[in-house]
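Trainee: This is the structure, below, for whatever I ask next.
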Amino acid sequence: MIQKGSVGSGAVGEFVSSDFKKQLAGYGLTTAEILYRRPDHHWLLQSYVWQNYDLFPNFPALNDFLEFWKAKLEGPLYAVTVAHSKLIKPAELKAIDGHFRLN
């Protein structure tokens, strides 16, 4: 049984994930390693990995998360390392001129 608003109705947006829509809008997968000091042992650093779709180079989602961290969590931030990659990009093709023969 086909439900109303499914195949053939032109309502493609209902079936596309919000993450895919973000990628088409220019968002890329962002991973941040957050080093913070333990609240009970300030000499000890602990690592937290955060991952979400965000916009390069300002990273509004990451900055919102870090502001939340500073306002609500006890462990003071020590360092943040960020990696970002757009997941949808044109294929990289490289023309190679040459022939290889096998006996």
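The values are calculated or read from the model by the stated rules, or taken from the named source; none is laboratory data. Keep in mind the model is a prediction, meaning the values are calculated, not measured. Because the Cβ atoms are built from the backbone with ideal geometry, glycine has one as well, and the counts that use them run over all protein chains shown.
Trainee: With the requirement that a residue be modelled with pLDDT under 95, within 29 Å of Pro39 (Cβ to Cβ) and under 21 Å from the mean Cα position of the chain (by Cα), what does the stretch 53-79 give you?
Mentor: Scanning the stretch 53-79 gives Asp54, Phe59.
Trainee: Looking for whichever is of a type in the set (A, V, I, L, M) and not in a strand (DSSP E or B) here; the options are Leu29, Leu62, Leu35. Which one fits? Walk me through it before giving the result.
Mentor: Working: Leu29 fails: not in a strand (DSSP E or B); Leu35 fails: not in a strand (DSSP E or B).
Sole residue among the options that is of a type in the set (A, V, I, L, M) and not in a strand (DSSP E or B): Leu62.
Trainee: Can you tell me which residue among Asp40, Asp19 is within 16 Å of Ser85 (Cα to Cα), loosely packed, with under 14 Cβ neighbours inside 10 Å and charged (D, E, K, R)?
Mentor: Of Asp40, Asp19, the one residue that is within 16 Å of Ser85 (Cα to Cα), loosely packed, with under 14 Cβ neighbours inside 10 Å and charged (D, E, K, R) is Asp19.
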